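Asks: Let me begin by handing over the structure; questions about it come next.
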């Protein structure tokens, strides 16, 4: 009895989870494997459209005779590069229709026209003309005739399914001159964005953890950049930083802080002189990182605030008794209490920033030295229209991420052991 | 020791004063006032003098009169130096000074002698500074977005610093950008598409997630632990990696440029979060209720619809709000899958609009306001539910 109960429980569990598991498998896990497959193939964007045989039906009347009609099918192969084999054609007609002369490739039976057109090479076109008349001489309804759509079928090779593999894509990606630069840009963007957002998160969490008037309101305001749509925020920042009539540049010029406007999103380098040392700062990249910090520090803020509120008050009371200063309390009580959260946050934000596409894409489109790996996936796949290359870059991303996660957990494990 | 504390205190409070007056001056400049410099030296001297005098006078004069006195002195000197500024600007300066003097009122020579007094003062001013700084930095872009959508192209080009809105004009010209994007750019349609996609995603996700979360929370089956850990790993997986294979598959199946295609992808990407949040809540529901239901011969469908769902309305609604926000804000997949303007979502439509360099910026900002408002409204209104879920790491970004 108990056994059957456990069995029904199992069965129910599988029935309940199956839809969700199947969907996640089809849309998330399967594409990852498909990515590996595609990355070893030479596929261009134009290759992925399956060639289709198409027919456009044009109905024309012949002179005054309403019982006779001409039908023109404009046949074509939709693909410019691939042939279609064994094209078959089928169209239906009203019961009183009779065909005048029959094309040798076709047969007309039971008011249905069936044709076998054989193979169509790429770019194939043909005007296929037929004449019909009604056997009882009644008038033909042209509109009704037009509404009946012919069906066409054909076989063609699907470039994605054949087994020609090549290492070309990976060679091109890894030995590209800009690959090192690409990696460095991605690393700067990810690392400084993550660190910046965590520092801001600590500051704001510490701030909101004090008691002051309007604290709940402040907490919502701090989350605004995180919940608002990225499209709206990116374009607002773009207008704010615009060199011609952006608010920031106008303000700086108005206060005579700068003389000529700075193109914060369109200038790759800026020379900075600090204490007699000249160095080049990657300006557009820095701006994009600032946007990233601005938009994502709220997540760090929330996590750290939740942790801060869970720290027992006794710790601080004991420190007060010992006469600890606020700085000492912060460094000796607060920081050790939030390191666990920070290390988790670092990992989450690092992974997400590493894959961040929208923000950079909307702000600069990857120009002026802000091309990161995800932007490269898009540019290879859709701007250069090379699907195989795009896939290869995604595979590089996945491999780098796995390497990061692996070494991060190892490092973390070591530190836990030491403590 | 005492003088060091005194100097530090006056410096910290003065820098705070400089900061708030500067923000006020920036905001005043943006209302079209002609302010060319901050007069930092003068504010600095006054700040030091006021802080010091405040300590010196102590409680000899009542706090209220003292604040008024200092504020008036500052306003008169400031108004004399930067002439011809309207009354509202000076009232603002007066209020800022009043606030500032009130803040430093509680410090006295006795305070400064206490242990760690400078650090305590530093932290207190840092908190105040932080509140103002972050409010300004965060709200300013939103403020700019809203104001720009009410301006005209010429006004924006002539004086980009003039953020003032003429409320005297009639409503049709004030909301002109909004009328234009609805009439000429078809925004009504995009709002409809976005709403259908977002609400559809919410419904389908819940239909898939509730049974799965229930099974993971309650039933024993092979692969349960594997499933619950892989949910989180899948959640970390980058969307950009899915884009190319999904694009090719969807192209071949004819699912691009269709709402169905978007619904499938959005549902799949939000499912792991939804299941994770829901199963956590389901575990907290007492088991006895279900045991009674099993004795009453209720099927699992009955258990879920009659017991689990009514008991977890708060959790389900917060998951629903999240999924709605994720789907509404989503941009990457809508960029990849939609290239026919007839099936654009709001985000995609705004991006498409900006692709044309001729599009006036106020239209772009009006579109941005339209796409932002629902999300911010939902967020502020349901904040209590949402924050707890956010900490569970639910909004991906």
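Asks: Which of the numbered conditions does residue A:365 fail, given that it passes all the others? Conditions: (1) part of a helix (DSSP H, G or I); (2) within 11 Å of chain B (Cβ to nearest Cβ).
Replies: So the condition that residue A:365 fails would be (1).
Asks: Collect the residues in the stretch A:265-292 that are buried (at least 22 other Cβ atoms within 10 Å of the Cβ) and within 14 Å of chain B (Cβ to nearest Cβ), keeping them in residue-number order.
Replies: Within the stretch A:265-292, A:265, A:287, A:291, A:292 qualify.
Asks: Continuing with the same structure: Given the residues A:84, A:69, which is the only one that is surrounded by 15 or more Cβ atoms within 10 Å (Cβ to Cβ) and under 30 Å from residue A:136 (Cβ atoms)?
Replies: Of A:84, A:69, the one residue that is surrounded by 15 or more Cβ atoms within 10 Å (Cβ to Cβ) and under 30 Å from residue A:136 (Cβ atoms) is A:69.
Asks: Next question, about the same structure. Return the residues of the stretch A:326-351 that are surrounded by 14 or more Cβ atoms within 10 Å (Cβ to Cβ), at the interface with chain B (Cβ under 10 Å from one of its Cβ atoms) and over 24 Å from residue A:193 (Cβ atoms); say none if nothing qualifies.
Replies: A:326, A:328, A:329, A:330, listed by residue number.
Asks: Moving on. For the stretch A:353-362, which positions are facing chain B (nearest Cβ under 10 Å), assigned to a helix (DSSP H, G or I) and closer than 23 Å to residue B:350 by Cβ?
Replies: Hits for the stretch A:353-362 are A:358, A:359, A:361, A:362.
Asks: Hey, another quick one. Please go through the stretch B:228-238 and give me each residue that is facing chain A (nearest Cβ under 7 Å) and modelled with pLDDT of 80 or more, ordered by number.
Replies: Scanning the stretch B:228-238 gives B:234, B:238.
Asks: Would you please name the residue that is nearest to residue A:350 (Cα to Cα), looking only at residues in the stretch A:252-264 that are within 10 Å of chain B (Cβ to nearest Cβ) and in a loop (DSSP other than H, G, I, E, B)?
Replies: Taking the candidates together, the pick is A:257.
Asks: Let me ask you something else. Under 41 Å from the mean Cα position of the chain (by Cα), farther than 30 Å from residue B:225 by Cα and more than 8 Å from chain B (Cβ to nearest Cβ): which single residue out of A:48, A:84, A:69, A:38 fits that description?
Replies: A:84
Asks: Where residues in the stretch B:330-359 are crowded, with 19+ Cβ neighbours inside 10 Å and part of a loop (DSSP other than H, G, I, E, B), which of them is nearest to the chain's Cα centre (by Cα)?
Replies: B:330
Asks: Tell me, yes or no, whether the stretch A:52-69 has at least one residue that is in contact with a helix residue (DSSP H, G or I) (Cβ under 7 Å, 6 or more places away or on another chain) and part of a loop (DSSP other than H, G, I, E, B).
Replies: Checked the stretch A:52-69: no residue is in contact with a helix residue (DSSP H, G or I) (Cβ under 7 Å, 6 or more places away or on another chain) and part of a loop (DSSP other than H, G, I, E, B).
Asks: In addition: Suppose the filter is more than 10 Å from chain B (Cβ to nearest Cβ) and modelled with pLDDT under 85; does residue A:323 pass it?
Replies: no
Asks: Take the residues in the stretch A:213-233 that are part of a loop (DSSP other than H, G, I, E, B) and facing another protein chain (nearest Cβ under 7 Å), then tell me which one is nearest to residue B:125 (Cα to Cα).
Replies: Selected residue: A:228.
Asks: Could you go through the stretch A:85-107 and let me know if any residue there is farther than 16 Å from residue A:132 by Cβ, in contact with a strand residue (DSSP E or B) (Cβ under 9 Å, 6 or more places away or on another chain) and part of a helix (DSSP H, G or I).
Replies: The answer is no; no qualifying residue exists.
Asks: Also: Here are some conditions: (1) more than 30 Å from residue A:391 (Cα to Cα); (2) without any contact (Cβ under 8 Å) to a residue 60 or more places away in the chain; (3) more than 7 Å from chain A (Cβ to nearest Cβ). Residue B:221 meets all but one. Which one does it not meet?
Replies: (3)
Asks: Follow-up. Tally the residues that are part of a helix (DSSP H, G or I) and either at positive phi or surrounded by 13 or more Cβ atoms within 10 Å (Cβ to Cβ) (or both), restricting the search to the stretch B:279-316.
Replies: Final tally of qualifying residues: 20.
Asks: Being out of contact with any helix residue (DSSP H, G or I) (no Cβ under 8 Å at 6 or more places or on another chain) and more than 17 Å from residue B:256 (Cβ to Cβ) is the filter; apply it to the stretch B:321-361 and report the residue that is nearest to the other protein chains (Cβ to nearest Cβ).
Replies: Once the filter is applied, the top-ranked residue is B:355.
Asks: Pull up the stretch A:234-251, narrow it to residues that are within 7 Å of chain B (Cβ to nearest Cβ) and in a helix (DSSP H, G or I), then point me to the one that is nearest to the chain's Cα centre (by Cα).
Replies: Once the filter is applied, the top-ranked residue is A:235.
Asks: If I filter the stretch B:16-44 down to residues being over 27 Å from the mean Cα position of the chain (by Cα) and without any contact (Cβ under 8 Å) to a residue 24 or more places away in the chain, which single residue comes out as farthest from the other protein chains (Cβ to nearest Cβ)?
Replies: B:41
Asks: Checking the condition at pLDDT 85 or above, within 15 Å of residue B:336 (Cβ to Cβ) and part of a helix (DSSP H, G or I), which residue from B:196, B:203, B:244 passes?
Replies: The match here is B:244.
Asks: Exactly one condition in (1) more than 19 Å from residue A:232 (Cβ to Cβ); (2) within 11 Å of another protein chain (Cβ to nearest Cβ); (3) surrounded by 16 or more Cβ atoms within 10 Å (Cβ to Cβ) is false for residue B:145; which is it?
Replies: Going through the list (1) more than 19 Å from residue A:232 (Cβ to Cβ); (2) within 11 Å of another protein chain (Cβ to nearest Cβ); (3) surrounded by 16 or more Cβ atoms within 10 Å (Cβ to Cβ), residue B:145 breaks only (1).
Asks: Okay, next question. For the subset of the stretch B:250-260 comprising residues that are more than 7 Å from chain A (Cβ to nearest Cβ) and assigned to a helix (DSSP H, G or I), which member is surrounded by the most Cβ atoms within 10 Å (Cβ to Cβ)?
Replies: So, considering only residues that are more than 7 Å from chain A (Cβ to nearest Cβ) and assigned to a helix (DSSP H, G or I), the one surrounded by the most Cβ atoms within 10 Å (Cβ to Cβ) is B:250.
Asks: Next up: Determine whether residue B:212 is over 23 Å from the mean Cα position of the chain (by Cα), within 13 Å of chain A (Cβ to nearest Cβ) and either under 30 Å from residue B:276 (Cα atoms) or assigned to a loop (DSSP other than H, G, I, E, B) (or both).
Replies: Against the criterion (over 23 Å from the mean Cα position of the chain (by Cα), within 13 Å of chain A (Cβ to nearest Cβ) and either under 30 Å from residue B:276 (Cα atoms) or assigned to a loop (DSSP other than H, G, I, E, B) (or both)), residue B:212 qualifies.
Asks: Let me ask something else. Residue check, residue A:152 against (1) surrounded by 19 or more Cβ atoms within 10 Å (Cβ to Cβ); (2) modelled with pLDDT under 85; (3) touching a helix residue (DSSP H, G or I) at 6+ places or on another chain (Cβ under 7 Å), all met but one. Which one?
Replies: Every condition holds for residue A:152 apart from (3).
The values are calculated or read from the model by the stated rules, or taken from the named source; none is laboratory data. Not measured: the values here are computed from a predicted model. Cβ coordinates were reconstructed from backbone atoms using ideal geometry, including for glycine residues, and neighbour counts include every protein chain displayed.
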